[in-house]
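Comments concern the structure below.
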Amino acid sequence: MTPKNNILIGIIIALLVVASYNVDANPIDFVEGLPNLVVVLDEMVQVEPKYIPTAIWAMFETIQMAFIGTVVGIAIALPLSMLAARNLNSKFVYAPIRAFLAAIRTFPSILWALLFVIMVGSGAFAGVLAIIMYTIGFIAKLQYEVIETIDSDPMDAVGSIGVSKVQLITYVVIPESASHLLSQMLYMFDYNIRQTSILGLVGAGGIGFYIINYIKFFEYGKAAIFMIVVLVTVLIIDWISVKIRDKYIIKSQHGMEVKTK
Amino acid sequence: MNQIQMSQNSSFSLISTKKIIQMSDVWTSYDSKNFALEGINLSIDRGTNYSIVGPSGSGKSTLLKLMNGMMIPSKGIIKIDYVTPQMNNKKFKKMMHTIGYIPQSLGLVKNISVIENILLGSLPRLTKVQSLFKKFPENEITEAKRIIKLVGLSGKEERKVYMLSGGEKRRVAIARALMQKPTILLADEIVSELDNVTAREIMELITDAQKTMNLTAIMVHHDMQLALEYANRVAVIKEGKKILEIGVEGDNIVDFQTGDMTTQEIMEMYSDDA
């Protein structure tokens, strides 16, 4: 280990101590607080099964919110990503679009939800709008980055036939970036379900609304049922998306032999 | 109108119905100091098989890119069928539809099928609505199937391109170019990575198409033997300059540029360079 590294590690440790002091992060408080967790867990274990249908219905609403948000968000994000790609547009087109997308991404979804609760009132619709905004910012960025890294040779070769830009996008850019897009869609849907689960914290609908209210009234047993439903749902969605990924994405990216009919 | 323009530029001497490609003192540079091509003069007869041979980095690929408007010269005049190849030249933009260009990397779209790749060659003939909804007219599909048969890919129409072998991929690239109903076919080192047998199969295929469709094939090669075997004329490029223009007549290699070199001298000269 060089002296330079030692100095760097020393600086990081010093910063950690100062920052911990500033935010009152005291390990002793953590240890002293552990018994409280036991109390909560003890109450959580006393689950009340009669709330399961409500929890499943709330989760269903959450999934629908995430679904609408993801689909509409991606539908808006795709044309924007085409406009934001540097290899398809002039600076005057992509620069403002990129600035707009960066501005959208600045806000986490919960802040968007707050904003939309103010705009359209509390409820699921505000949550859907928040998810749409977040999805636009996120997918458009991922997608324009994919477009910028696709092989330029097919674009040059097909471009030299003298096709229009719309044709180039439809017939070369989209097929070349499609496998990435499918993977991103799955990831986004997965992510949006988890996000939507907490949007209820600010009154934007979904299962989070129940969880936050039960916790507020110290009804940990009821909250636990809702949290377990979220957990199970996320695991199932994760499992499904892994299956889809294996079937369609891995093969097309690595050029593995696919059985033809 | 184009002819009037040319005569105003006093370059009408370039016009010839026999010549499809004419280059006069063409220079190109990637930066202001280094020239990729230096003072190239070239004239290619309509309906012939023309080869450009030279070592790596000699400027062969650049020469092809000048012919389809992907590059413009920093100096000199180029006419492709009387038209200056430039993207912003409307007349040339239309002409691009009938210039088939196969880059060294082939430029195929990997994730779509063989027939979908080939149909890309017909895109300029589609209406806006057809193109937007990916609705290729029946006659184009029939034509694509005919070409698939011609290049020997029958039964592989629906295969994804990434599943094909090197030789098959080249057939797809040729088929896409033929789908353009080309008058000129440009191919950049299309056989250089293939084994000898496959290379010859591909060369036969292009030569047949060139003869039956009466198109002008301009191919860049690394291998002088192969070029001489198939081409009517071979231009040898070295360090951005055209040093020879030769062709096979009977048992002899004829030097059309200086006219005073023997077959042996020419072959020795090339093997020194390569």
* Grab the eigenvalues of the alpha-carbon gyration tensor for segment A:162-250, scale each by 5, take roots, and send me the semi-axes largest first in whole angstrom. => 40, 16, 5
* Pick from B:Ile80, B:Ile99, B:Ile141: which residue has the top mean-square fluctuation in a GNM of chain B where Cα pairs under 10 Å get a spring? -> B:Ile141
* Can you give the charge dipole size of chain B about its Cα centre, rounded to the nearest 20 debye, using +1 on the beta carbon of Lys and Arg and -1 on the beta carbon of Asp and Glu? -> 1840 debye
* **Average Cα contact separation per residue, segment B:2-273, under 8 Å, 6 or more apart, as relative contact order %** => 24 percent
* To do: For a label point 7 Å from the Cα of A:Glu48 along Cα→C-beta, name the residues of segment A:191-217 whose backbone N is under 19 Å from it.
  => A:207-217
* To do: Given a cut-off of 25 Å, name the pairs among B:Lys94/B:Lys242; B:Lys134/B:Lys169; B:Lys93/B:Lys181; B:Lys110/B:Lys149 whose C-alpha atoms lie farther apart than that in the structure shown.
  => B:Lys94/B:Lys242
* Of the DSSP beta bridges with both residues in the protein assembly as shown, give the percent that are antiparallel, rounding to the nearest 5. => 55 percent
* Across chain A, how many lysine pairs, 8 or more positions apart or on different chains, have C-alpha atoms separated by under 17 Å? Please give the number. => 8
* **Farthest toward positive dipole pole in the protein assembly as shown [+1 Lys/Arg, -1 Asp/Glu at C-beta], among A:Val120, A:Ser241, B:Gly247** => A:Val120
* **Expected 222 nm ellipticity per residue - DSSP helices of 4 or more, -39500 (n - 2.57), all of the protein assembly as shown, to 500** => -17500 deg cm²/dmol
* Among beta bridges that DSSP assigns inside segment B:2-273, antiparallel share in %, nearest 5 -> 55 percent
* Tell me which aspartates and glutamates have Cα within less than 14 Å of B:Lys145's Cα, excluding those fewer than 8 residues away on the same chain? -> B:Glu116, B:Glu157, B:Glu158
* Structure fact -> Averaged over all viewing directions, the convex hull of the alpha carbons in chain B casts a projected area in nm² of 16.1 nm²
* Asked: If amide H atoms are built 1.01 Å from N in the plane of the peptide, which residues on other chains or at least 5 residues away come under 5 Å of the amide H of B:Ser74?
  -> B:Trp27, B:Thr28, B:Ser29
* Which of A:Ser152, A:Gly137, A:Gln167 sits closest to the plus end of the dipole of segment A:47-251, meaning its Cα is farthest towards the positive end, when Lys and Arg get +1 and Asp and Glu get -1 on the C-beta? -> A:Gly137
* **Compactness of segment B:96-153 - radius of gyration and Dmax, Cα, Å** => 11.9, 33
* Asked: What fraction, in whole percent, of alpha-carbon pairs in segment A:97-181 exceed 15 Å separation?
  -> 65 percent
* Structure fact -> Counting every C-alpha pair in segment B:163-263, the percent lying more than 16 Å apart is 60 percent
* **Magnitude of the charge dipole, segment A:47-251, Cβ model with Lys/Arg +1 and Asp/Glu -1, debye to 20** => 260 debye
* Determine Rg/Rh for the protein assembly as shown; Rg is computed over alpha-carbon atoms and Rh is the Kirkwood hydrodynamic estimate from the same atoms. => 1.14
* To do: Compute the relative contact order of chain A as a whole-number percentage, counting only Cα pairs closer than 8 Å that sit 6 or more residues apart in sequence.
  => 26 percent
* Enter the angle in degrees (range 0 to 90, nearest 10) between the Cα long axis of helix A:174-199 and the first principal axis of the Cα atoms of chain A, meaning the one along which they spread out most. => 20 degrees
* Structure fact -> Assertion target for B:Lys93, B:Lys60, B:Lys65, ordered by fewest C-beta neighbours within 10 angstrom first, is B:Lys93, B:Lys65, B:Lys60
* **In sequence order, calculated HN-Hα J values of segment B:201-218 (Karplus, 6.51, -1.76, 1.60; Hz; x Gly/Pro)** => 4, 5, 5, 4, 4, 5, 4, 4, 4, 4, 6, 6, 8, 6, 9, 9, 9, 10
* Structure fact -> Karplus ³J(HN,Hα) for segment B:220-231 (6.51 cos²θ - 1.76 cosθ + 1.60, θ = phi - 60°; Hz, whole; x = Gly/Pro) runs 9, 10, 9, 9, 4, 3, 4, 4, 5, 5, 9, 8
* Asked: What dipole magnitude, in Debye to the nearest 20, does the protein assembly as shown give about its Cα centre under +1 on Lys/Arg Cβ and -1 on Asp/Glu Cβ?
  -> 1860 debye
* Structure fact -> Projecting the Cα atoms of B:Thr28, B:Tyr82, B:Leu186 onto the charge dipole of segment B:2-273, where Lys and Arg contribute +1 and Asp and Glu -1 at Cβ, the residue farthest towards the positive end is B:Tyr82
* Determine ³J(HN,Hα), in whole Hz, for all residues of segment A:99-108 in sequence, where each value follows from phi through the Karplus function 6.51 cos²θ - 1.76 cosθ + 1.60 and θ = phi - 60°; x replaces Gly and Pro. => 4, 4, 5, 5, 5, 4, 6, 4, 8, x
* Asked: Taking every eigenvalue of the Cα gyration tensor of chain A, multiplying by 5 and rooting it, what semi-axes result, largest first, whole Å?
  -> 40, 27, 21
* Asked: Expressed in nm to one decimal, what extension gain is obtained for the pair B:Gln225 and B:Glu158 from 0.36 nm per residue of sequence separation less their Cα-Cα distance?
  -> 20.5 nm
* Which FRET efficiency, nearest 0.05, do A:Glu145 and B:Thr258 yield, Cβ-Cβ r, R0 56 Å? -> 0.55
* Asked: For segment A:32-78, which semi-axes, largest first and in whole Å, follow from the square roots of 5 times the eigenvalues of its Cα gyration tensor?
  -> 36, 18, 4
* Asked: Running Debye on segment A:1-139 with equal point scatterers at the Cα sites and no solvent, what base-10 log of I(q)/I(0) appears at q = 0.13 Å⁻¹?
  -> -0.92
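FYI, it's all coordinate maths here, none of it is from the lab. Quick caveat, the model's predicted, so the values are computed rather than measured. Here Cβ is always computed from backbone atoms with ideal geometry, including for glycine, and neighbour counts include all displayed protein chains.
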